[in-house]
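Asks: Pasting a structure below so you can have a look.
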Amino acid sequence: MIIINPLKKFTLLFNAHTNTFLNKVSSAVVLLLILSFNSLFAQKLERIEPMFWFAGMHNPKLQLLVHGENIASSSVSLTYPGVKLLKVNKVENPNYLFLDLTIAPAAKAGKFPINFTVKGKKIFSYTYELKKRDKSAGRIQG
């Protein structure tokens, strides 16, 4: 007949549950850290307004509203002949940026990327379009 010490049985049972519990807790902590790190740098562009603009407008200044999750933590750059990024304006809400652009009179209609980076790593790019301005006399109807 084998006699099992109840205290030893409890200790073995407790250790088995503790190890399982600790494994689950450590897995949960690692997952939580990964998710919080990703959300810290996660950007999701929801919209840019205006969605497009026109080449050859009288006023060369254009301000774009950029809305997206945590977008203010990114740096912005663009390269297109005749279009210059003057300033990136950050506001209290981290989900908004305002981009001040200058569009030269000689800028041609076309598409160009607006790049968003965090710590030098490109997160995403948005293709912005300058459309050809219709200057025909009959275009305006009242």
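The values are calculated or read from the model by the stated rules, or taken from the named source; none is laboratory data. Predicted, not measured: the structure shown is a model, and the values here were computed from it. In this analysis, Cβ positions are derived from the backbone assuming ideal geometry, glycine residues included, and neighbour counts consider all displayed protein chains. Keep in mind that these areas ignore ligands, DNA and RNA; they rest on the heavy atoms of the full protein, side chains included. Shrake-Rupley method; radii C 1.70, N 1.55, O 1.52, S 1.80 Å.
Asks: If a residue has to be open to solvent by 50 Å² or more (accessible area, probe 1.4 Å), charged (D, E, K, R) and over 15 Å from the mean Cα position of the chain (by Cα) to count, how many in the stretch 57-100 make the cut?
Replies: Number of matching residues: 4.
Asks: Output the residues belonging to the stretch 106-142 that are in a strand (DSSP E or B) and exposed (fewer than 14 other Cβ atoms within 10 Å of the Cβ).
Replies: K111, K121, K122, T127, E129, K131, K132
Asks: So which strands (runs of 3 or more DSSP E) stay within the stretch 7-96 end to end and still have 3 or more residues that are under 19 Å from T127 (Cα atoms), at pLDDT 95 or above and not charged (D, E, K, R)?
Replies: Filter on the stretch 7-96 gives 52-55, 61-69, 75-78, 83-90.
Asks: What are the residue pairs meeting all of these: first residue in the stretch 117-139, first residue farther than 20 Å from M51 by Cβ, second residue open to solvent by 60 Å² or more (accessible area, probe 1.4 Å) and β-branched (V, I, T), Cβ atoms under 8 Å, and 6 or more apart or on different chains?
Replies: Close Cβ pairs (under 8 Å, with a partner that is open to solvent by 60 Å² or more (accessible area, probe 1.4 Å) and β-branched (V, I, T)) amount to T117/I123.
Asks: I would also like to ask the following. Checking I103 against (1) under 19 Å from R47 (Cβ atoms); (2) open to solvent by less than 60 Å² (accessible area, probe 1.4 Å), which test does it fail?
Replies: (1)
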